[in-house]
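The values are calculated or read from the model by the stated rules, or taken from the named source; none is laboratory data. Model, not experiment: these values are computed from the prediction. All Cβ positions, glycine included, derive from the backbone under ideal geometry; neighbour counts span all protein chains shown.
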Amino acid sequence: MNKFDFKNKLAIITGGAQGFGLDIAKKFLSFGAKVRIWDIDETELKKALKNENNPNLNYDIVDVSSFDNVSKVVKDITKNSKIDILINNAGITGPTMELWNYEIKDWNKVIDINLHGTFNCCKSIAPEMIKNNYGRIVNIASVAGKDGNANASAYSSAKAGVIGLTKSLGKELAQYNIAVNAVTPAGAKTRILDQMSKEHVQRMLSKVPRGRFLELDELSSLVSWLSSEENSFSTAAVFDISGGRSTY
């Protein structure tokens, strides 16, 4: 496993109480980073903190769909610290059904958390990174944002939006030594799969040439490099980790 030097770096990881987010947090901690995991689920946050028992791990209860909430937490953190790394991981899949049967409230919730949440965090934290002339932002998109998954129009649209946001913001921040990239994972065995029907999950898996789900460690390793100082040139890019499902 590659090792990166994250000493004296502070990372914010949204949706960090479980799944991709928590695994990325563990990897960053092993590299010496200070990590703050954000989530709306206080029970899971407390459980993660207890299980890891690491003085460099802290949490904030944050609703990423609320700009006011995100902005307030960022202001509190940056009174005494600078934010070096932002991982926009918080997301939900929403219901599995045809677009014409989608409830408006469900559509709005998926877009609010997955896309607006990414915007809110970037809008709040990017100015702080500009002040420091340094930053690494990784947005967790999805292969669905490239291909579009049937019966997942809201999720596919939100993740496609995250890809577009990444490309725009990466160009805007390139002059400040701030890298902004996205990753597009295929399905992994996390709790997000519980939000989908078994048929939908099987359909997703059948499209992956490698014939298996993504392992958490495989994603966190890619995210670690993108978040490191070694990634000194790549920005506004999309890094595929779909097991061969997407070839662009």
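Looking at segment 75-104 only, could you name the residues that are in contact with a strand residue (DSSP E or B) (Cβ under 9 Å, 6 or more places away or on another chain), more than 18 Å from Phe119 (Cα to Cα) and touching a residue at least 24 places away in the same chain (Cβ under 8 Å)? Explain how you work it out, then say what you get.
Our first condition is that a residue be in contact with a strand residue (DSSP E or B) (Cβ under 9 Å, 6 or more places away or on another chain); within segment 75-104, this holds for 76-77, 81-91.
Checking the rest, the ones that are also more than 18 Å from Phe119 (Cα to Cα) come to 76-77, 81-82.
Ile77, Ser81, Lys82, listed by residue number.
Looking only at residues in segment 53-74 that are among the hydrophobic types (A, V, I, L, M, F, W, C), more than 12 Å from Ser124 (Cα to Cα) and touching a residue at least 24 places away in the same chain (Cβ under 8 Å), which one is surrounded by the fewest Cβ atoms within 10 Å (Cβ to Cβ)? First the steps, then the outcome.
Residues of segment 53-74 among the hydrophobic types (A, V, I, L, M, F, W, C): 57, 61-62, 64, 67, 70, 73-74.
Checking which are more than 12 Å from Ser124 (Cα to Cα) leaves us with 57, 61-62.
Cutting the leftovers down to touching a residue at least 24 places away in the same chain (Cβ under 8 Å) gives us 57, 62.
Numbers: Leu57: 21, Val62: 26.
The selected residue is Leu57.
Limited to segment 1-57, what total is found for residues that are out of contact with any Cys (no Cβ under 9 Å at 6 or more places or on another chain) and assigned to a strand (DSSP E or B)?
The total comes to 9.
Which residue is farthest from the chain's Cα centre (by Cα), if the candidates are limited to segment 218-230 and must be part of a loop (DSSP other than H, G, I, E, B) and within 17 Å of Ile13 (Cβ to Cβ)?
That would be Ser228.
Has segment 156-165 got at least one residue that is farther than 23 Å from Lys82 by Cα, modelled with pLDDT of 95 or more and assigned to a loop (DSSP other than H, G, I, E, B)?
Looking for residues that are farther than 23 Å from Lys82 by Cα, modelled with pLDDT of 95 or more and assigned to a loop (DSSP other than H, G, I, E, B), one finds none in segment 156-165, hence no.
Each row is one residue, and each column tells you yes or no for (1) crowded, with 20+ Cβ neighbours inside 10 Å; (2) modelled with pLDDT of 95 or more; (3) aliphatic (A, V, I, L, M).
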| position | (1), (2), (3) |
| --- | --- |
| Lys3 | no, no, no |
| Gly15 | yes, yes, no |
| Ile24 | yes, yes, yes |
| Lys27 | yes, yes, no |
| Ile40 | no, yes, yes |
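Hey, does segment 78-91 have a residue that's assigned to a loop (DSSP other than H, G, I, E, B), buried (at least 16 other Cβ atoms within 10 Å of the Cβ) and among the acidic types (Asp, Glu)?
The answer is yes, given that some residue of segment 78-91 is assigned to a loop (DSSP other than H, G, I, E, B), buried (at least 16 other Cβ atoms within 10 Å of the Cβ) and among the acidic types (Asp, Glu).
Can you name the residue in segment 97-125 that is of a type in the set (A, V, I, L, M, F, W, C) and within 18 Å of Val138 (Cα to Cα) and is also surrounded by the fewest Cβ atoms within 10 Å (Cβ to Cβ) among such residues?
Phe119
Name the residue that is nearest to the chain's Cα centre (by Cα), counting only residues in segment 159-183 that are over 24 Å from Ile111 (Cα atoms) and of a type in the set (S, T, N, Q).
Here the residue is Asn177.
Does Asn108 satisfy the criteria of being without any contact (Cβ under 8 Å) to a residue 12 or more places away in the chain, part of a loop (DSSP other than H, G, I, E, B) and of a type outside the set (D, E, K, R)? Break it down into steps so the answer makes sense when it comes.
Numbers: without any contact (Cβ under 8 Å) to a residue 12 or more places away in the chain: yes; part of a loop (DSSP other than H, G, I, E, B): no; of a type outside the set (D, E, K, R): yes.
The answer is no for Asn108.
Take the conditions in contact with a Gly (Cβ under 9 Å, 6 or more places away or on another chain) and assigned to a strand (DSSP E or B) and apply them to Ile137. Does it pass?
It is true that Ile137 is in contact with a Gly (Cβ under 9 Å, 6 or more places away or on another chain) and assigned to a strand (DSSP E or B).
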